[in-house]
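*Asks:* Dumping the structure here so I can ask a few things about it.
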Amino acid sequence: MKFKFRHTDKIVGIFFFGALIILLGGIVLVALSQKMLVKKYSFQTRFQDAGGISQTTNLYFKGFEIGRIKKFRLNQDNLIDVELVVYEDYREKIIAQSAINKSSNPITGRGSLEFLQGPPGGELLPEDSYIPSLDMPEGKQLLLENKIVRSGDVISSILKNIDDILSNLKKDNNPDQGAIFRILFNLANATETLNSDLLTLQDLMVNLDNRVEQTTVRLDDALSETTTLIRNYQDPAGLAVNLIDPGKTELIQPLHNVLLKLDDNLAELHGLLLFLNQESPEISGVLYESRSSLQTVQKTLQGINNHPLIRRGISRDSRDINRNIKIRPEDF
Amino acid sequence: MNGFLEFIHFTAETWRRLLTYTRQRQASFTVLLRQIMFTGYEALGLISFLALTIGGLIILQGNNILGNFGQGDLIYVILVTVVVRELSSILTALIVIARSGTAISTELGNMVVNQEIDLLLSFGISPVSYLVVSRLVGVVVATFTLTIYFNLVALLGGWLFSSFFSPINFNFFFSRLFAELSFLDILISVFKSMVFGIGIALISCYQGLKVNIASTEVPQRTIRAVVLSIVFVLFADILITLMFYIS
Amino acid sequence: MNILEVKNINWYLEDEKILDDIDFTLEEGQSIIISGTYESGKSLLLKVIGGITPPSHGRVLFLGRDVYESPDETIDEIHQQIAFIFQEGALLSNLNIRENLLLPLKYHNPRLDLPGITREIEEFISYFSLGHILDKRPAALPNVKKKLLSFVRAAILHPRLMIVDEPLFNLDLDNQKLVLKLLRKIHKSGISMLIVSNSRDLIKILGDRWLVMDRGRIVQDVSSSDPDFDKKLNTISLTDLVGVEDEI
């Protein structure tokens, strides 16, 4: 107790100035880590939107942090004017026909800027000059002309795509923006209809198979009978014929011609039906395969469609599908 | 409403006396040193313990949740957002209210009861300049200082607990952390602690001096001081956050 | 020359009138003793005059300057010339005795002649036989010692006016004598005094003028040169103006 009262001033001094030193140290470290003491050069660029960028977004070149965004604002043409700073060490990288690419991490929403250097030997860009971004036509032109190469950052481009899809999905409440979602929904419904149509078609095919066979057999019979009949008529030496048409011109000849024609047609039909009968298992197979792959698609789409957050979950109708599938192999 | 106007008047008087504080010489300086000693230095242990465990808990929870998403890097963002921006100043303020806010209003209340305030007035010593100003400066300095120590210890605690999960280089941890930290964060942490200190000191002193005659008023005024200080700290925090981060 | 002018002091507690139009003057070097019942408002009047409790109406002038309505520097100066001794001998509980005694001096004069003052303090301490108490805290002392210390603190201020509330209250006979001797010595050196007491002895020894208060009003104002002074003084032991000291 005595100790504390006698040395109050010293203890309080150390206590207070210690904290001040820590505070100053912290400020210096922040300044160093944010390159505040490094000389910076200012440049301009422009984006279509400000998604993913903030006051602390960094500019990278070949994975190195070479600068960062200083400020950005929405201009009169609804584009984003961005002021960038580039650290002194990397100033000579900023050459003519370079561009800037903006990508953002869809999960954190944080973006980063990538500097795409122009063709080697380009002129050093003066301070405050405009560097096009790939958002803008002039930047895309540079890319088309192969002046710059977009870095092969696969993951970031995948993430970018996912980001686009996710952001489209997110916009379902906006009637103009929920296109993908609605397409998926409609597709799922369409598949469902298609599936039932296919089942009907399949039943039809089975029936058709049987009927074709029966018809073919009947036609065969009919054909042979007809052939016999025609043969008989080709030599009409019977009494009745002689009695009705002794010259064989009034009745026999026309009938003979009709029968010959029918014979031809029946043979053609027979060939056609035979072909159909032979080919129908194949057609059925194709139909079966397409149907089962469509079922898979449908299940997937139904899964998405019936996502717990959206609807009920995947329905338990696989039993019906299995029964239908079992029928088919017996037909082969 | 009357009480509020009186408090505003009291605040203005304290401010006026603060500006002439340099004329206040030796006597008040001793009071000031003792106030910093009591409110600041003697609370350092408690503050450090709290900061260490809070920093550790944030890392434990953060690693648990963020690790599942592969977003372990966000731990630095969370440390900065939660500790530096919010918890350091709020928790320090709560500790200061619990220890010093109560002590100040009790002490001043008892001084009124024991006629010590009248005594000061008879000496021509303004109780506001002798008692309130030195306590105000003392509490503000102590809260400010404690908040800085809280930040330091909490961030160190964060590193320490991170090392339990996977050994992490000290320099790496702190370079990542400082990359997430901005001047604004530091500025606001410090600014908040000072605003909280001012509020706590003024409210506690005012409530203490509001005691009239009876010693039974002292605990009642102390409770009021605590409640109003907490309300003030939370409202001020919301306002400052809205002012700096949302706009 | 008037060191103190009390002009039409009124003091209200909500609607109740505690001090009712108090008006008197105190000449430099003079002493006034105020007597009265508990409810007479005499202690409150001292606080109003001493610059502690502002009046509802009226003014208090010290050497022609308003005790309340003056610039800070003037008020500081006024207070340096008035020593106020409380009935209970209030001391600041968070300072030790030495700090307590030096506080008013140090506060107003940073460049204090500390050795000279310390010598003076030690003389008074031995006068009251207080022993080694300078490094103690007020809480460690009996009330009697606290009361005596408040006389020490007032004496070393070398004020022009001393305001004393019940100087003999709470003291044994020996200490009463010591206090009376000290006050008389101080008064003899030309310091004006305003004392609240119901002690006939004190009024006789120190009083140049005697005021009697009742329910916030001055009901009697007698000068010691008044031929009826002694006769009037004798009445107080028999009337309702009975002092605490006499009662004990």
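The values are calculated or read from the model by the stated rules, or taken from the named source; none is laboratory data. Just so it is clear, the model here is predicted, and its values are computed rather than measured. Neighbour counts run over all protein chains shown; Cβ positions are idealised from the backbone, glycine included.
*Asks:* If we only count helices (runs of 4 or more DSSP H) wholly inside the stretch B:57-133, which ones have 1 or more residues that are more than 30 Å from B:Ile168 (Cβ to Cβ) and small (Gly, Ala, Ser)?
*Replies:* In the stretch B:57-133, the matching helices (runs of 4 or more DSSP H) lie at B:88-96, B:102-113, B:116-123.
*Asks:* Just need a number here: residues in the stretch B:98-131 that are out of contact with any Lys or Arg (no Cβ under 8 Å at 6 or more places or on another chain) and either more than 7 Å from chain C (Cβ to nearest Cβ) or more than 16 Å from C:Lys47 (Cβ to Cβ) (or both).
*Replies:* As a first pass, look at the stretch B:98-131 and keep what is out of contact with any Lys or Arg (no Cβ under 8 Å at 6 or more places or on another chain): B:98-103, B:106-108, B:110-117, B:119-125, B:127, B:130-131.
So of that shortlist, the ones also either more than 7 Å from chain C (Cβ to nearest Cβ) or more than 16 Å from C:Lys47 (Cβ to Cβ) (or both) come out as B:98-103, B:106-108, B:110-113, B:117, B:120, B:127, B:130-131.
Going through the stretch B:98-131 one residue at a time, the tally reaches 18.
*Asks:* Turning to a different aspect of this structure: Got a sec? Which of C:Leu19, C:Leu105 is closer than 22 Å to C:Arg160 by Cβ and surrounded by 19 or more Cβ atoms within 10 Å (Cβ to Cβ)? If you could, list the steps in order and put the result at the bottom.
*Replies:* Values: C:Leu19 fails: closer than 22 Å to C:Arg160 by Cβ.
So the residue among C:Leu19, C:Leu105 that is closer than 22 Å to C:Arg160 by Cβ and surrounded by 19 or more Cβ atoms within 10 Å (Cβ to Cβ) is C:Leu105.
*Asks:* Also, quick follow-up: So, in the stretch C:169-201, exactly how many residues are closer than 17 Å to C:Thr37 by Cβ and either not assigned by TED's automatic domain parsing to the domain that holds C:Asn234 or not basic (Lys, Arg) (or both)? Explain how you work it out, then say what you get.
*Replies:* Taking the stretch C:169-201 and keeping what is closer than 17 Å to C:Thr37 by Cβ, we get C:169, C:195-200.
Then drop every residue that is not either not assigned by TED's automatic domain parsing to the domain that holds C:Asn234 or not basic (Lys, Arg) (or both), which leaves C:169, C:195-199.
The number of residues fulfilling the criteria is 6.
*Asks:* Within the stretch A:106-157, can you find the residues that are under 19 Å from A:Gly51 (Cα atoms), part of a loop (DSSP other than H, G, I, E, B) and at pLDDT below 80?
*Replies:* Within the stretch A:106-157, A:Pro106, A:Ile107, A:Thr108, A:Gly109, A:Arg110 meet the criteria.
*Asks:* For the condition in contact with a helix residue (DSSP H, G or I) (Cβ under 9 Å, 6 or more places away or on another chain) and surrounded by fewer than 20 Cβ atoms within 10 Å (Cβ to Cβ), what is the one hit in B:Ile125, B:Ile104, B:Ile95?
*Replies:* The conditions single out B:Ile95.
*Asks:* What residue, of C:Val164, C:Val179, is under 30 Å from C:Glu99 (Cα atoms), part of a helix (DSSP H, G or I), modelled with pLDDT of 90 or more and among the hydrophobic types (A, V, I, L, M, F, W, C)? Walk me through it before giving the result.
*Replies:* Working: C:Val164 fails: part of a helix (DSSP H, G or I).
The match here is C:Val179.
*Asks:* For the stretch C:40-56, which residues satisfy the criterion of being over 12 Å from C:Asn8 (Cα atoms), more than 11 Å from every other protein chain (Cβ to nearest Cβ) and part of a loop (DSSP other than H, G, I, E, B)?
*Replies:* Result: C:Gly41, single match.
This table checks each residue for (1) away from chain A (no Cβ under 14 Å); (2) assigned to a helix (DSSP H, G or I); (3) crowded, with 17+ Cβ neighbours inside 10 Å; (4) touching a Cys at 6+ places or on another chain (Cβ under 6 Å).
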| residue | (1), (2), (3), (4) |
| --- | --- |
| B:Ile148 | no, yes, yes, no |
| B:Gly157 | yes, yes, yes, no |
| B:Asn171 | no, yes, no, no |
| B:Phe174 | no, yes, yes, no |
| B:Val195 | yes, yes, yes, no |
| B:Ala225 | yes, yes, yes, no |
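*Asks:* Name the residues in the stretch C:115-142 that are free of Cβ contacts under 8 Å to residues at least 12 places away in the same chain and surrounded by fewer than 14 Cβ atoms within 10 Å (Cβ to Cβ), would you?
*Replies:* Within the stretch C:115-142, C:Pro115, C:Gly116, C:Arg119, C:Glu122, C:Glu123, C:Ser126, C:Ser129, C:Gly131, C:His132, C:Ala140, C:Pro142 qualify.
*Asks:* Let me ask another. Working only within the stretch C:61-89, note down all residues that are facing another protein chain (nearest Cβ under 8 Å) and loosely packed, with under 15 Cβ neighbours inside 10 Å.
*Replies:* The one that is facing another protein chain (nearest Cβ under 8 Å) and loosely packed, with under 15 Cβ neighbours inside 10 Å: C:Asp72.
*Asks:* Out of all the residues in the stretch A:77-105, which are assigned to a loop (DSSP other than H, G, I, E, B) and not aliphatic (A, V, I, L, M)?
*Replies:* A:Asp77, A:Asn78, A:Gln97, A:Ser98, A:Asn105
*Asks:* Within the stretch A:9-26, can you find the residues that are modelled with pLDDT of 90 or more and more than 7 Å from chain B (Cβ to nearest Cβ)?
*Replies:* Answer for the stretch A:9-26, where residues must be modelled with pLDDT of 90 or more and more than 7 Å from chain B (Cβ to nearest Cβ): A:Gly13, A:Ile14, A:Phe17, A:Gly18, A:Leu20, A:Ile21, A:Leu24, A:Gly25.
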